[in-house]
Amino acid sequence: MKFIDEFRDADMAKAVLCQIHRQSKRHVRLMEFCGGHTVTIMKHGIRQLLPETIEMLSGPGCPVCVTANADLDKAIALARQPDVIITTFGDMLRVPGSRSSLQKTRADGADIRVVYSTIDALQIARENPAKAVIFIGIGFETTAPTIAASIMKAEEDGINNYYVLSLHKLCPPVIKALLDSGEVKLDGLICPGHVSTIIGSRPWEFAASDYGIACVVTGFEPLDVLQSVDMLVNQLEQGKPRVEIAYRRGVTTEGNLRAQELMNIVFEPSPASWRGMGSVPQSGLRLRKEYERFDAEQAFDIDPGPTLEHKGCICGDILRGVKTPPDCKLFRTSCTPEHPVGPCMVSSEGSCASYYHYGTV
Amino acid sequence: MCLAIPVQITSIEGSEAEVEFGGIAQKISVFLTPEAEVGDYVLLHTGYAIAVVDEEEAQETLRIFEEMERLAEA
């Protein structure tokens with residue numbers, strides 16, 4: 001078993017769909033939080049295969065998309081500092097900030113390198129002791145422990161020229177903020193798979209107990225997503241919303257305790273600014289005092305300038321689930337993957353990019 | 001961004017492991033999954049294993065789908 005093809009079997013998918021059609025009676029509105037799930041749903045045409053009783057909405061689960069312009073501007077301002085090498089995941093490169101992007105800043109002469117892992121960023125720091133190497137730390141709970149690990153490794157190996165711009169975000173607090181806003185009425189939530197690999201399924205309990213939302217944690221193959229829809233429909237038809245795990249091969253109730261511990265040693269929760277949602281309490285991670293010498297914001301005196309928003313772009317509304325990409329006037333006209341206006345068109349898992357590549361509109 | 005793919009560990013040395021990924025050998029970190037052993041499949045995310053894939057649970061999930069298939073045919 002290689003844990004991929006087995007979960008793409010067409011006959012099994014038909015059987016799960018058959019069961020969903022059989023048991024779905026009442027109209028339900030489900031949100032897939034994660035951009036990775038949006039890609040699976042769009043790529044495999046899952047939305048079109050579901051009964052009309054099931055409405056699917058995309059959520060804010062794309063770290064690149066939710067990074068606020070003010071934070072992008074900080075990354076760009078850091079890149080303009082002398083003797084600095086910026087290391088970043090590739091998705092961030094083309095996201096437009098207020099006035100520029102990392103890609104344009106690189107074209108202007110800044111040393112900005114795409115890395116696959118913080119392991120590569122650390123290696124660049126070792127090889128360039130006279131430069132400050134800054135990693136643009138974006139990502140949810142899935143990624144934050146790997147950044148924490150890199151900071152601990154830098155400390156252990158005495159690497160003094162490695163810094164992190166911590167723009168990490170936490171998922172349960174933003175779901176809470178979304179539910180509290182009352183803007184979107186949800187019945188069920190497809191909870192993020194690999195975020196839950198780290199944090200476990202327990203942090204989603206509040207959504208079921210306090211808000212009556214059915215929750216199923218699942219993986220990213222088409223059968224995983226279909227199974228989660230089946231389990232959500234089953235919970236809602238029974239009128240018993242709770243938290244269940246469909247992705248049992250990769251998620252437990254407790255999560256990865258070691259990863260949680262490392263994250264807690266290096267970071268502490270802080271308010272974070274989300275595109276479309278503004279500041280959400282306790283939804284970000286900042287470096288703890290013991291590790292603040294690795295904090296790029298503390299180490300460099302930068303002036304990112306005033307924040308500007310992109311005219312006509314509705315990424316914020318799309319991330320909150322109140323609008324869909326085809327509702328945007330810029331979609332497929334002035335905003336395309338080649339010339340993106342907003343981040344949801346840049347990231348491969350952004351809603352706009354998913355609709356653009358796989359949508360039928 | 002939270003993409004993680006199952007890869008099989010072929011060797012481990014300290015917190016570094018080698019995995020086979022699309023026919024290519026690649027070095028990864030098992031710092032976050034000290035319980036990982038040679039032969040295990042792990043979920044690989046940005047160069048780090050974040051979980052050991054539970055094969056028994058995977059088989060159990062597939063059994064649920066097989067059961068649904070039988071029901072659909074009935």
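For the condition under 30 Å from A:P306 (Cα atoms), away from chain B (no Cβ under 14 Å) and open to solvent by less than 10 Å² (accessible area, probe 1.4 Å), A:A70 does not qualify.
Given the criterion farther than 18 Å from A:F89 by Cβ and either in the same structural domain as A:G284 (by TED's automatic domain parsing) or β-branched (V, I, T) (or both), identify the matching residue among A:V164, A:V195, A:V184.
Numbers: A:V164 fails: farther than 18 Å from A:F89 by Cβ; A:V195 fails: farther than 18 Å from A:F89 by Cβ.
From the options A:V164, A:V195, A:V184, the qualifying one is A:V184.
Remark: A:F7 matches the filter, which requires a residue to be among the aromatic types (F, W, Y) and within 23 Å of B:A72 (Cβ to Cβ).
Across the stretch B:42-56, a minimum of one residue is classified as part of a helix (DSSP H, G or I) and surrounded by 13 or more Cβ atoms within 10 Å (Cβ to Cβ).
For the stretch A:121-136, what are the residues that are more than 14 Å from every other protein chain (Cβ to nearest Cβ) and either assigned to a helix (DSSP H, G or I) or among the aromatic types (F, W, Y) (or both)?
The answer is A:A125, A:R126, A:E127.
The set of residues in the stretch B:6-31 that are farther than 19 Å from A:N256 by Cβ, within 11 Å of another protein chain (Cβ to nearest Cβ) and among the charged types (D, E, K, R) comprises B:E20, B:K27. Among the residues of the stretch A:332-361, those that are buried (at least 20 other Cβ atoms within 10 Å of the Cβ) and of a type in the set (A, V, I, L, M, F, W, C) comprise A:C335, A:V341, A:C344, A:M345, A:V346, A:C352, A:A353. Residues that are open to solvent by 50 Å² or more (accessible area, probe 1.4 Å) and touching a helix residue (DSSP H, G or I) at 6+ places or on another chain (Cβ under 9 Å) are absent from the stretch A:135-142.
Would you mind finding the one in A:G200, A:G219, A:G193 that is within 14 Å of chain B (Cβ to nearest Cβ), within 15 Å of the chain's Cα centre (by Cα) and farther than 26 Å from A:A68 by Cβ?
Details: A:G200 fails: within 15 Å of the chain's Cα centre (by Cα); A:G193 fails: farther than 26 Å from A:A68 by Cβ.
Sole residue among the options that is within 14 Å of chain B (Cβ to nearest Cβ), within 15 Å of the chain's Cα centre (by Cα) and farther than 26 Å from A:A68 by Cβ: A:G219.
Every condition in (1) at pLDDT below 95; (2) facing chain A (nearest Cβ under 7 Å); (3) within 27 Å of A:Y116 (Cβ to Cβ) holds for B:P34 except the one numbered (1).
Taking the criterion of being in contact (Cβ under 8 Å) with a residue 40 or more places away in the chain and either outside any helix (DSSP H, G or I) or out of contact with any strand residue (DSSP E or B) (no Cβ under 8 Å at 6 or more places or on another chain) (or both), the residues of the stretch A:81-96 that qualify are A:Q81, A:D83, A:V84, A:I85, A:I86, A:T87, A:T88, A:F89, A:D91, A:R94, A:V95, A:P96.
Just to be sure, is A:T118 within 14 Å of chain B (Cβ to nearest Cβ), closer than 28 Å to B:I64 by Cα and open to solvent by less than 20 Å² (accessible area, probe 1.4 Å)?
Spelling it out, it is not the case that A:T118 is within 14 Å of chain B (Cβ to nearest Cβ), closer than 28 Å to B:I64 by Cα and open to solvent by less than 20 Å² (accessible area, probe 1.4 Å).
When A:S24 is tested against (1) under 21 Å from A:P241 (Cβ atoms); (2) within 14 Å of chain B (Cβ to nearest Cβ); (3) among the small types (G, A, S); (4) open to solvent by 10 Å² or more (accessible area, probe 1.4 Å), just one condition goes unmet, and that condition is (2). Do you know which residues across the stretch A:218-232 are in contact (Cβ under 8 Å) with a residue 60 or more places away in the chain, polar (S, T, N, Q) and touching a strand residue (DSSP E or B) at 6+ places or on another chain (Cβ under 7 Å)? Across the stretch A:218-232, the qualifying residue is only A:T218.
Checking each residue in the stretch A:263-307 for being loosely packed, with under 13 Cβ neighbours inside 10 Å and assigned to a loop (DSSP other than H, G, I, E, B) picks out A:D301, A:D303, A:P306. Summed over the stretch A:1-45, residues that are touching a strand residue (DSSP E or B) at 6+ places or on another chain (Cβ under 8 Å) and not in a loop (DSSP other than H, G, I, E, B) total 13.
The values are calculated or read from the model by the stated rules, or taken from the named source; none is laboratory data. Bear in mind that the values here come from a model prediction, so they are computed numbers and not experimental data. Heads up, the Cβs are rebuilt from the backbone with ideal geometry, glycines too, and the neighbour counts pull from every protein chain shown. The area values use the complete protein model at the heavy-atom level, side chains included, leaving out ligands, DNA and RNA. Shrake-Rupley method; radii C 1.70, N 1.55, O 1.52, S 1.80 Å.
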